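Worksheet: the structure to be examined is printed underneath.
The values are calculated or read from the model by the stated rules, or taken from the named source; none is laboratory data. Being a predicted model, the structure only gives us computed values, none of them experimental. FYI the Cβ positions are ideal-geometry reconstructions off the backbone, even for glycines, and counts take in every protein chain you see. Ligands, DNA and RNA are stripped out before the accessible areas are found, and what is left, the full protein with its side chains, is counted by its heavy atoms. Shrake-Rupley method; radii C 1.70, N 1.55, O 1.52, S 1.80 Å.
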Amino acid sequence: MVTKIAIFASGTGTNFSALHQAIINQKLPAKISLVVVDQPNAPVIAKAQALGIPVFIVNYRAYAEKKLAELAIIEQLNLHRVTLILLAGYMRILTPTLITAYPNQIINIHPALLPNFPGRHGILDAYQANVKLTGVTVHYVDTGIDTGTIIQQMTVPRLATDTLADLEKRIHAAEHQLYPAVLAKLLSEE
Ligand code: GRF
């Protein structure tokens, strides 16, 4: 069975592309049925549109409260029959409205070894802390900031000679490998 997924993103969308490529390569029995974006100029929008994938751009400021924005998202998810949500650089905390609508069906990727370095700047924070080992975490989403149950992690060494850009490059390469691999495993267990 092909699982219909939605990818939520706010930026570049390299994880979106990696997941799409894994589907094309028949590594993932899934279809990206919808991309949800909260930033009207995010490069991920053009990437999705070029592939003919529907994009829902949600302007949170147009809603009186976050819950209403999430209800509008849920309406779109229902319309596209989405059963799995993948956050990939979505820079917003979800509320119980969305989380309870998709119990254990929302997953995130974080560019550090949680519970270390949660939040927006996982790579920078690990770099500045001078750790020798950092990495990438795929986890279920709850209402906290990067606090949900960890599914799988991949370590990434931080070399003494690394610039921040070197480390970022290695972390992103790990993300693009880990996210599709974890999903392939999860979907095969369903
Ligand atoms: C990734 O590093 C992800 O872990 C973080 O935001 C970044 C998104 O990158 N949460 P991209 O938009 O997938 O290129």
| query | What number goes with the only condition from (1) small (G, A, S); (2) within 30 Å of P29 (Cβ to Cβ); (3) surrounded by fewer than 20 Cβ atoms within 10 Å (Cβ to Cβ) that G135 does not pass? | reply | (3)
| For the range 1-119, list the strands (runs of 3 or more DSSP E) that sit wholly inside it and hold at least 3 residues that are more than 16 Å from the ligand (Cβ to nearest atom); which are they? | 30-37
| said: Can you find a residue that is in contact (Cβ under 8 Å) with a residue 12 or more places away in the chain, in contact with an Asp or Glu (Cβ under 9 Å, 6 or more places away or on another chain), under 26 Å from L186 (Cα atoms) and open to solvent by 80 Å² or more (accessible area, probe 1.4 Å) anywhere in the range 102-115? | reply: yes
| Do we find a residue being part of a strand (DSSP E or B), over 19 Å from A18 (Cα atoms) and either at pLDDT 95 or above or not hydrophobic (A, V, I, L, M, F, W, C) (or both) anywhere in the range 159-172? | no
| said: Step by step: first the residues of the range 172-188, then only those that are over 15 Å from N25 (Cα atoms) and open to solvent by less than 60 Å² (accessible area, probe 1.4 Å), then the one that is nearest to the ligand (Cβ to nearest atom). Which residue is that? | reply: E175
| note | The condition of being surrounded by 22 or more Cβ atoms within 10 Å (Cβ to Cβ), within 22 Å of L187 (Cβ to Cβ) and modelled with pLDDT of 95 or more holds, among A9, A22, A18, only for A9
